Amino acid sequence: MKTTLELPDELLRAVKIRAVNEGRRIKDVMAELISRGLEQPAQPPAVVARSVKLPLVRCAHRARPAEEMTPERVAEILQHEDASALPDHA
């Protein structure tokens, strides 16, 4: 099967050099390298080693329901800020 790949120049150059050194066709070297890569067990995604501790801010009194920062309220505020940043289409 034919396919088109966009590869970084350095990577393709390395494959070409290997093909020349081994007296093989580029497509055969690519197929072998891809097969070898697929034989390796899948690596789990990298895990961030440290976590960020956010400060806890204690208030003197509870927020009124209209002032409480719920996820919905934050989304509403952000949406309003985004809309106000747009130029008027008058």
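Here the spin labels are modelled as points 7 Å beyond Cα on the Cα-Cβ line, and at Ala83 and Arg50 they lie 4.1 nm apart. Neighbour counts of C-beta atoms inside 10 Å place Met69, Met1, Met30 in the sequence Met1, Met69, Met30, starting with the fewest. For the chain, modelled as a GNM whose springs connect Cα atoms under 10 angstrom apart, the maximal fluctuation among Ala49, Ala31, Ala63 occurs at Ala63. A quarter of the convex hull surface defined by the alpha-carbon atoms of the chain gives 15.2 nm² as the mean projection. In order along region 17-30, the Karplus-derived 3J(HN,Hα) couplings, from 6.51 cos²θ - 1.76 cosθ + 1.60 at θ = phi - 60°, round to 4, 4, 4, 5, 4, 9, x, 10, 7, 4, 4, 6, 5, 4 Hz, and Gly and Pro are given as x. Calculated FRET efficiency, Lys2 to Gln43, Cβ-Cβ distance, R0 = 41 Å: about 0.90 to the nearest 0.05.
Every number here is computed from the coordinates shown, using simple stated rules; none is lab data. In this text the structure is predicted, and so the values were computed from the model without any measurement. Here Cβ is always computed from backbone atoms with ideal geometry, including for glycine, and neighbour counts include all displayed protein chains.
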